[in-house]
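Inspection log for the structure reproduced underneath, given as structure tokens.
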Amino acid sequence: MTVLSIIRDCLDALLHPSARYDALTRARHRAFMAPRLLGSLAAFAAFPVYLVLRGAPSAVEVAAFAWLIAPILLSWFLSRTGRYEGAHVLSSLALAGLIMAVAVTTGGIESFAAIWLVVVPLEAALSASRRVAAFASLLALSCAGLLILFGQLGWLPVGEMSATGRGVMMAFGVASATLYAAGLAFGAESLARTSVTLLSREEERYRLLARNMSDVISRHQRNGAVQFISPAAEAMLGMPVAQLLGHGLFDRVHVADRPAYLTALSDAARGHVRSVEFRVRREPTGSERGQGNYQVDFIWVEMRCRPLDQDQRRQNPDSDVTAGLEVVAVMRDVTDRKLSEQALDQARSAAEAADAAKTRFLATMSHELRTPLNAIIGFSEMIAQEQTLMLAASQRKEYAELINASGQHLLSVVNGILDMSKMESGNFEIASEPFAPRASLMHCCNLLALKARENGVDLITDAPQDLPVMTGDPRAFKQIVLNLVANAIKFTERGGQVTVSAAASSSQLTLRISDTGVGIAPDDLKRIGAPFFQCGKTYERRHEGTGLGLSIVKSLVALHLGELTVQSKLGEGTAVTVKLPLVYTPPQVKPAENKIATLTPVLRHDVQDQPALVKKSA
């Protein structure tokens with residue numbers, strides 16, 4: 001361990017606690033205490049030698065040596081209070097007092113000690129305080145003025161020193177003052193070097209944080225203009241930092257989020273702490289540009305902003321004080337969190353929709369199953385009691401027919417549910433074979449002609465004779481036509497009209513079933529095709545049915561890789577268009593989406609634009 005390290009450790013033990021955790025403050029306190037303690041101790045050690053060589057000291061010499069205790073007291077004051085500027089003020093007073101005492105007894109302004117008055121403000125300059133330096137300068141000028149005044153008034157003692165002795169003492173005073181000033185200069189240089197080193201180290205630390213942390217640090221004016229932004233913005237936004245300065249960042253904020261962005265910065269400039277989330281346009285990376293399949297997207301960013309400290313503003317003279325407080329912000333990419341929140345919202349909506357579907361299914365099935373079951377039970381009991389009720393043969397036959405019709409209705413409901421379950425689970429298989437679509441279409445329309453006449457609806461069929469043979473599942477084709485035409489007849493009032501038309505192109509067959517019925521409301525149109533969904537309120541239904549017809553049609557069309565489009569307007573009717581390929585080709589992978597779209601009378605949506613319907617379980 002060297003002598004310097006021992007001295008440094010001793011000084012650190014004497015430092016005030018407030019100076020032990022700040023490197024620059026610790027260096028300043030050391031620079032103040034070290035020369036004073038070492039100088040005083042050296043002077044006291046040399047005092048016996050001086051007595052041996054000089055003999056009995058004079059009063060001035062005794063006063064000078066007595067003054068050597070003042071630096072020790074000043075060091076003790078600084079170590080106890082930590083008041084650096086106050087210690088320098090007391091040091092200036094003590095030094096000026098010693099100079100005045102020596103100068104008054106040795107010739108006044110012409111004394112060798114008067115030159116030391118120049119050292120007083122130089123020593124105060126080490127305090128790095130303008131107030132202390134100004135006080136020391138005024139103190140030195142005042143002492144010089146007093147010495148001149150005392151000399152003019154003749155209040156100074158008459159010196160008996162010869163010219164040679166006076167010259168020697170003057171040379172001693174100049175040399176000693178110069179040496180002391182040189183010591184002050186070295187101390188100032190040491191403090192400056194320490195300050196630069198600490199500043200460089202601190203800048204390097206902050207630069208390391210700014211370059212390696214994933215969050216982006218930025219400094220803004222009140223109007224949102226960026227004055228500084230950390231290099232992490234390049235990785236976040238995919239563009240150079242220089243292009244984000246000024247209003248470059250604002251120009252990349254999503255238009256809908258710009259008011260919230262500016263409001264947060266304005267509130268922070270008024271002294272508040274604000275947090276805001278907004279979208280920022282992100283540029284694609286070089287690899288994405290090279291592939292050519294990129295698209296400009298937006299990421300979600302959370303920004304926490306607060307007003308910049310006044311001390312920091314004073315350290316930056318370029319800041320515009322009249323423009324209000326500046327703002328420092330920390331931005332973080334929260335896109336993953338926002339996507340998770342959206343996924344949770346979608347899952348919550350899906351769960352609510354599933355719960356509503358369950359309620360709707362129970363309400364629908366309770367009606368569809370209870371009515372035929374009541375008929376079966378009631379008429380079977382009447383047949384069982386035919387002896388008591390004296391039923392005729394015609395009545396028994398009628399009751400048996402009603403029981404059979406109710407059983408067939410129950411069977412169709414169960415078959416529809418089973419078919420829907422197979423389609424949703426992916427177990428429904430297409431039995432592809434060539435068939436004549438016109439014959440199948442006419443057969444279905446003939447089956448429903450009687451029902452149309454009973455409802456007072458005109459059923460018009462327009463199928464060209466030259467429709468080509470198509471390859472597909474004929475049973476599924478008939479089910480599509482039967483469900484669509486039956487629905488059109490069901491929801492068309494008496495006196496209305498249902499039109500079934502077919503046309504073929506080079507690669508597909510187009511079926512169009514239109515009616516002049518009640519139509520579908522816009523809110524219900526969005527949900528057409530959902531299992532068990534029926535327009536209107538479940539408990540106020542005007543028409544029978546399970547709500548599976550159009551859902552089955554949608555699934556069958558999707559399995560055939562076709563497209564289904566629904567156009568409707570409330571009170572004016574509905575038109576359903578089905579496009580099927582003339583040659584069905586089984587896909588390598590089962591289709592992930594059902595191609596169904598709902599339309600307004602003039603607006604068409606492709607199937608890809610529709611969200612996947614939530615599967616309902618009965």
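Using 20 Å as the Cα-Cα cut-off, could you pick out the over-long pairs in Lys397/Lys478; Lys451/Lys490; Lys451/Lys478; Lys451/Lys579; Lys451/Lys554?
Lys397/Lys478; Lys451/Lys579; Lys451/Lys554
Taking the inverse of the mean reciprocal distance over all distinct Cα pairs, the Kirkwood hydrodynamic radius of region 3-208 comes to 18.7 Å.
Starting from 0.36 nm per residue, how many nanometres of slack lie between Asp336 and Leu199 once their C-alpha separation is accounted for?
Numbers: separation 137, 0.36 × 137 = 49.32 nm, distance 3.82 nm.
Full extension from Asp336 to Leu199 adds 45.5 nm.
Protection proxy ranking, highest mean first, for peptides 211-219, 114-122, 334-342: 114-122, 211-219, 334-342, where packing is the per-residue count of other beta-carbon atoms within 10 Å, averaged. Annotation: peptides 433-442, 347-356, 229-238, ranked by per-residue average of other Cβ atoms within 10 Å with the highest first, follow the order 229-238, 433-442, 347-356.
Each reported figure results from applying straightforward, stated rules to the coordinates on display, with no laboratory input. Because the structure is predicted, anything quoted here is derived from the model rather than measured. Backbone-built Cβ (ideal geometry, glycine too); neighbour counts: all protein chains shown.
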